[in-house]
Amino acid sequence: GRFFRAADTSNLVEAITYSGRGVTVVEERDLWDMPVVLMALRAGAFAASDRRLVRRLQAAFEQAGRILVPTGAVFDEAGETLPQLQADKGYNLASSHSIANDVLIALSARASGAVVVTQNERDFRAIQAIRPFRLDVVAAA
């Protein structure tokens, strides 16, 4: 599976078809989504049309059974990883709130054998240095 962060949604265009009948997820890309990503998308959807698009996207992933929720073990491991990022990589957890979501994405992907696809190389490489997982960094569109 592949996870997409909110900043990566431009890359979804090639994998998802929007029509009057709904949203179709192209299976050969083996896309997955997470509640953390959907939350970020919803938080950034200010226009009514954007909010509808996020709802349609979520419905498509739910219908395909492609929503991955972090397990308790992933949350436990994230709780150990975050202070390491602060100590080893200089992250300020009080001011860098999105890093917690990124850690959940990375560790959930690792637990399920998925690949994280992102443009956010800096943060995900820092996480990867502490907790190895499969990562595919893509260029900004």
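So here's what we get for this one:
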{"read-out": "Karplus 3J(HN,Hα) series, Hz, for segment 50-67 with 6.51 cos²θ - 1.76 cosθ + 1.60 (x for Gly, Pro)", "value": "5, 5, 5, 4, 5, 4, 5, 4, 4, 4, 5, 5, 5, 4, 7, x, 10, 10"}
{"read-out": "Karplus-derived 3J(HN,Hα), 6.51/-1.76/1.60, for each residue of segment 115-128, Hz, glycine and proline x", "value": "10, 8, 10, 7, 9, 7, 5, 4, 5, 6, 5, 5, 5, 4"}
{"read-out": "Local electrostatic count at GLY79 - Lys and Arg +1, Asp and Glu -1, tallied over other residues with Cβ under 15 Å", "value": "-3"}
{"read-out": "Additional length obtainable on full extension of the chain from ALA73 to VAL115, 0.36 nm per residue less Cα span", "value": "13.3 nm"}
{"read-out": "Amide H contacts of VAL117 (H built 1.01 Å from N, under 5 Å, at least 5 apart or other chain)", "value": "PHE3, ASP136"}
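No value in this document is a laboratory result; all are computed from the given coordinates. All values reported here derive from a predicted model rather than from experimental measurement. Glycine also receives a Cβ, built like all others from the backbone with ideal geometry; neighbour counts cover every protein chain displayed.
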